[in-house]
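The values are calculated or read from the model by the stated rules, or taken from the named source; none is laboratory data. Keep in mind that what you see is a predicted model, and the values were worked out from it rather than measured. Note: ideal-geometry Cβ built from the backbone for every residue, glycine included; neighbour counts use all protein chains shown.
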Amino acid sequence: MQRYKIEDMTCGHCASTVEKAIRGVDPKADINVDLRTKEVTVGTVADRAVIAQALNAAGYESLPL
């Protein structure tokens, strides 16, 4: 499991964009977005750096937890 803090994620549209970015890397990823804590948990075999790069490309700076 990978966890990320995404401070700029504030609404449902943001959460959808984050999920779409992760699914672009791993379509089978298990993704849990928590808008209240601004955290995303990802069950994936993809490399952490690739996920972070996809999130950044979607406009969201992510901090690994």
Within the range 12-22, work out how many residues are closer than 13 Å to residue 47 by Cα and surrounded by fewer than 16 Cβ atoms within 10 Å (Cβ to Cβ). 0
Residue under question is residue 30, and the condition is that it be among the acidic types (Asp, Glu) and exposed (fewer than 12 other Cβ atoms within 10 Å of the Cβ); does it hold? yes
Candidate set: the range 33-46, residues that are over 11 Å from residue 6 (Cβ atoms) and in contact with a helix residue (DSSP H, G or I) (Cβ under 9 Å, 6 or more places away or on another chain); chosen: the one surrounded by the fewest Cβ atoms within 10 Å (Cβ to Cβ): 46
So for the range 3-19 (the condition being modelled with pLDDT of 95 or more, among the aromatic types (Phe, Trp, Tyr) and assigned to a loop (DSSP other than H, G, I, E, B)), does at least one residue qualify? no
